[in-house]
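Written out below as structure tokens is the structure these notes cover.
The values are calculated or read from the model by the stated rules, or taken from the named source; none is laboratory data. From a predicted model like this one, the values you see are computed outputs, not experimental measurements. All Cβ positions, even for glycine, are placed from backbone atoms using ideal geometry, and neighbour counts span all protein chains on display.
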Amino acid sequence: MLYFFYYTRLIVGIAVLVGQWAFTHGLYAQPADSSLPHREASVGQQIIISMESYSFTPPEVVVEAGKPITLTLNNESFLIPHNFLLDDPSGIRLVDADISSGDTEVVTLTLIEPGIYPFYCDKKLFFFPSHREQGMEGRLIVR
Ligand SMILES: [Cu+2]
């Protein structure tokens, strides 16, 4: 399978903050049909995912195959580190990003193959269940 992906790491940069501001103020292009059930952007596929204890919001994201995707991952938990692990449909790890409490990471990638790509956080404290086992998982649906 042919995957083209690259990984950009920004440490709570001003660019991210400006990007979030622009997103929340509607400066990015919106899909023509706003009744779509999933968060989709027609240009650049800008997706913001909040990481909480223990969930991702939104837990399901639909994107288009072959077009760049920018994932802005915000760890909104207090004192709890999370990670964002994205696998392809066959289980090959594509993204492994550690995100400290209060931090933001931006990941850019392009997924060529349609399918369901699970994402989750596998952090775990001592004998407690992993964050994924506590519900911290979601899926990226590539069409
Ligand atoms: Cu976690």
Is it the case that F84 is within 16 Å of the ligand (Cβ to nearest atom), in contact with a Cys (Cβ under 8 Å, 6 or more places away or on another chain) and at pLDDT 95 or above? yes
- prompt: Does E137 satisfy the condition of being within 16 Å of the ligand (Cβ to nearest atom) and in contact with a helix residue (DSSP H, G or I) (Cβ under 9 Å, 6 or more places away or on another chain)?
  reply: no
Scanning for something within 16 Å of the ligand (Cβ to nearest atom) and among the polar types (S, T, N, Q), does region 106-125 turn up at least one residue?
no
Scanning region 62-89 residue by residue, those closer than 12 Å to L140 by Cα and touching a residue at least 40 places away in the same chain (Cβ under 8 Å) turn out to be V62, V63, E64, A65, I69, L86, D88
Here the residues within region 59-79 that are in contact with a Lys or Arg (Cβ under 8 Å, 6 or more places away or on another chain) and within 16 Å of the ligand (Cβ to nearest atom) are P59
Here, strands (runs of 3 or more DSSP E) confined to region 90-143 with at least 1 residues that are hydroxyl-bearing (S, T, Y) and either farther than 14 Å from I69 by Cβ or in contact (Cβ under 8 Å) with a residue 12 or more places away in the chain (or both) are 104-110, 115-120
